[in-house]
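Data block below; observations after.
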Amino acid sequence: MAKKQFKTESKRILDLMINSIYTHKEIFLREIISNASDAIDKLAYKALTDGDGSFDRSKLAITLIPDEAGRTLTVRDNGVGMTKEELETNLGTIAKSGSLQFKKDMAQAEGVGENDLDIIGQFGVGFYSAFMVADRLTVTSRAYGSDEAWRWESSGADGYTITPCEKAEVGTEIVMSIKPDADEEDYSQYLRTATLERLVKKYSDYIHYPIRMEVERTHMKERPADAGEDYKPEYETVKEWATLNSMVPLWQRPKSEVKSEEYNDFYKEKYGDWEDPLSVIHISAEGAVEYKALLYLPAHAPFDFHTRDYQKGLQLYSSGVMIMDKCADLLPEHFRFVKGVVDSSDFSLNISREVLQHTRQLKVIAANLEKKIKAELLRIQKEDRPKYEQFWKAFGLQLKVGVVSDYGAHKDLLKDLLLFWSTKEDKLTTLAEYTGRMPQAQKYIYYACGEDAAKLSKLPQAERILDQGYEILCLTEEPDEFVINALGEADGKSFKSINDEDALPETDEAKAALEKKTEENKDVLDFVQETLGDKIHAARLSKLLKSGAVCMTTDGPISLEMEKYFQRMEPEAAGQMKAQRVLELNPDSGAFAALRDAMENDKELAKKYAELLYSQALLIAGLPLEDPAAYTELVCSLMK
Ligand code: ADP
Ligand code: MG
């Protein structure tokens, strides 16, 4: 019988499958099973619309029959079947709208590398994927409402034949002649029940018809009634039919019927975590895009979370079939720690769907999920603060990075979720809580940057602010100051560094008094500036200090903490990123009086005092001394 040729557009995909170097060949089973499930869906629908009273839903099933000796794997369904013409058009051609897009993707993938072939896994490639593991396919089918049966057969690129045959029942049977094992490929595994069970669990667990296979199971024999004290249980291994899939996924069940243990067990098993998740979000969305989602907030960061190996993403299912393991587009970067599953029948395994369409739906779902995750986090923040702090400890940094990334595009979304350490009761606070506590007279939200919250609250320039009953946010993590800059304000209140000259608003009298003092002490300030040279940008009398003698602040946009940051991150460019240091002196301090005195009587001593004050300001600010040995000598010389 003459072989028919595949249509040219199908040939290329076929070639790709036959010669596939794709590493996830195992997905062929998912494809074949999903076709069987589709066919059963169609039959169920037809029987319903035809009013076929004899139709028995309970008989619907997909059967796997591995034959190790004959090297075949058979997948049988009692679905709608195919007529001769349907075999011809459905299996002889891939001439659907989406195939073009698919081919484009593949063409691109070819130039790039094997990883890009992941596209195979993302969008169904369908029937031909069986050629990744089989060198011959035999499809026997009898269509619903027909008593003819037909056999379609092909060994791949050289075409296919269609011949009449016998088949007792309506439905389709696909016999795959599994390839001989090759160097690096263990094709025989697809003949073993253990592999098949695993693959069904992995990819097709929630197909809503039973997937059945004959398996060997070992059971404990029943204890004989007359068994004595020393009876030892006996075991027997029997062959029996088993349903491999669980059929109803957790996320498809109504929320009210799922126990929290079930949610937790599912999480732990699926994501290999030993600890229960912090929280579960179960969504059943209706409307423009319908989907179910089951999201988890882990209680701690996974071990690889801060490495490049960690891949964000949610598992994407379509009508019970997993189509993508880690769909990154479903999660924004700032929520990359979320784990879970999205299932939407709006996605199809069918490659004939436009890729674009997927993208649009994905976007809608992703935007919804982002809102839900935020809402859940806010709920925990309100209702269970210790739990929220646990979350914050694990993933707070991720949220802060989210605020500053993409030019601050996500700051409004993330603002309410942030926590900062506050001098108020020495604990974490939200910005809303801070502004809620602000006394009427307080104009700004105060912050201080440094390595250690305890040290920050003891800075000499903090004293006046704390005295007013104002609280200070202690920013101790790397991105903190950038976060503050990105935010700009909270509840209409702007942020103010405690190092800022104008941190505390002053009265006109105080202003005039300081101007007068500055005028009187101009010679001292000039002397200090001259002595220290370009180590400082300016020396001035401080409005910030109360009992402290000296502190280091800055002029201009770069703070001391930022300077430190740039020195760590980009040492080469750090030269340009220098803070303009300002040495602030307290005119009412004893130290200042001593300086003034020395200036009039002993210029050398005054120089030493200036150096000493400068070094002290560095130390208080947590900055390294430029020359520690010289500093000790200086101190010792003063002790003489
Ligand atoms: P898709 O499932 O995306 O349509 P496939 O390549 O997987 O593409 O299958 C091609 C077509 O072959 C299906 O659309 C269906 O019409 C037909 N088909 C495949 N397997 C079966 C089956 N087991 N029973 C009935 N029809 C099938
Ligand atoms: Mg298919």
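Worth pointing out:
- Burial ranking of peptide ranges 186-197, 553-564, 474-485 (average Cβ count within 10 Å, highest at the top): 474-485, 553-564, 186-197
- 14 Å Cα-Cα reach of Lys7 towards aspartates and glutamates, excluding residues that sit fewer than 8 places from it in its own chain: Asp15, Glu88, Asp158
- Electrostatic tally near Ala36: other residues with Cβ closer than 13 Å to its Cβ, Lys and Arg +1, Asp and Glu -1, net -1.
- Charging the Cβ of each Asp and Glu at -1 and of each Lys and Arg at +1, and nothing else, the dipole of the chain about its Cα centre rounds to 1160 debye.
- Shown here for the stretch 1-90: GluC sites (Glu not before Pro) in loop regions (DSSP other than H, G, I, E, B) with at most 15 other Cβ atoms within 10 Å, namely Glu68.
- Placing unit charges on each Cβ (+1 for Lys and Arg, -1 for Asp and Glu) gives the chain a dipole about its Cα centre, and among Asn35, Ile498, Trp392 the Cα reaching farthest toward its positive end belongs to Asn35.
- Treating each Cα of the chain as an identical point scatterer and summing with the Debye formula, the log10 of I(q)/I(0) at q = 0.06, 0.07, 0.10 Å⁻¹ comes to -0.54, -0.66, -0.96.
- Considering only the stretch 508-639, percent of DSSP beta bridges that pair antiparallel, nearest 5: 60
- Cross-link pairs beyond the 25 Å C-alpha cut-off, checked among Lys59/Lys201; Lys312/Lys564; Lys458/Lys640; Lys179/Lys326: Lys312/Lys564; Lys458/Lys640; Lys179/Lys326
- For the listed peptides 140-150, 38-48, a ranking on the average number of other beta carbons within 10 Å per residue, highest first, reads 140-150, 38-48.
- With R₀ set to 30 Å, the beta-carbon distance separating Thr237 from Glu275 gives a calculated FRET efficiency near 0.20.
- Neighbours of Glu153 by Cβ distance under 10 Å: Lys/Arg scored +1, Asp/Glu scored -1, total +3.
- Efficiency of FRET from Cβ geometry, Glu515 and Arg360, R₀ 56 Å, rounded to 0.05: 0.30
- In straight-distance terms, cross-link reach from Lys427 covers every one of the aspartates and glutamates whose alpha-carbon lies under 12 Å from its own, apart from those fewer than eight places away in the same chain; here that gives Glu389, Glu471.
- Coil-residue GluC sites (Glu not before Pro) of the stretch 246-345, DSSP, other Cβ within 10 Å capped at 12: Glu275, Glu286
- Straight-distance candidates among the aspartates and glutamates for linking to Lys221, with alpha-carbon spacing under 13 Å and chain neighbours fewer than 8 residues away dropped: Glu234, Glu236.
- Three-way shape call for the stretch 508-639 based on the alpha-carbon gyration tensor, with the a/c threshold at 1.5: oblate
- Given Lys393/Lys424; Lys25/Lys202; Lys411/Lys511; Lys202/Lys372, the pairs whose alpha carbons are separated by over 25 Å: Lys411/Lys511; Lys202/Lys372
- Förster-model FRET efficiency, 60 Å R0, Val635 and Phe305, C-beta, rounded to 0.05: 0.80
- Accessible surface computed residue by residue for the stretch 250-391, with neighbouring protein chains in place and a 1.4 Å probe, gives 49 Å² per residue.
- Backbone N under 18 Å from the Ser256 label point (7 Å along Cα→Cβ), restricted to the stretch 286-312: 286
The values are calculated or read from the model by the stated rules, or taken from the named source; none is laboratory data. On a predicted model such as this, the values are computed, not experimentally measured, just so you know. Heads up, the Cβs are rebuilt from the backbone with ideal geometry, glycines too, and the neighbour counts pull from every protein chain shown. For accessibility, only protein heavy atoms count, side chains too; no ligands or nucleic acids. Shrake-Rupley method; radii C 1.70, N 1.55, O 1.52, S 1.80 Å.
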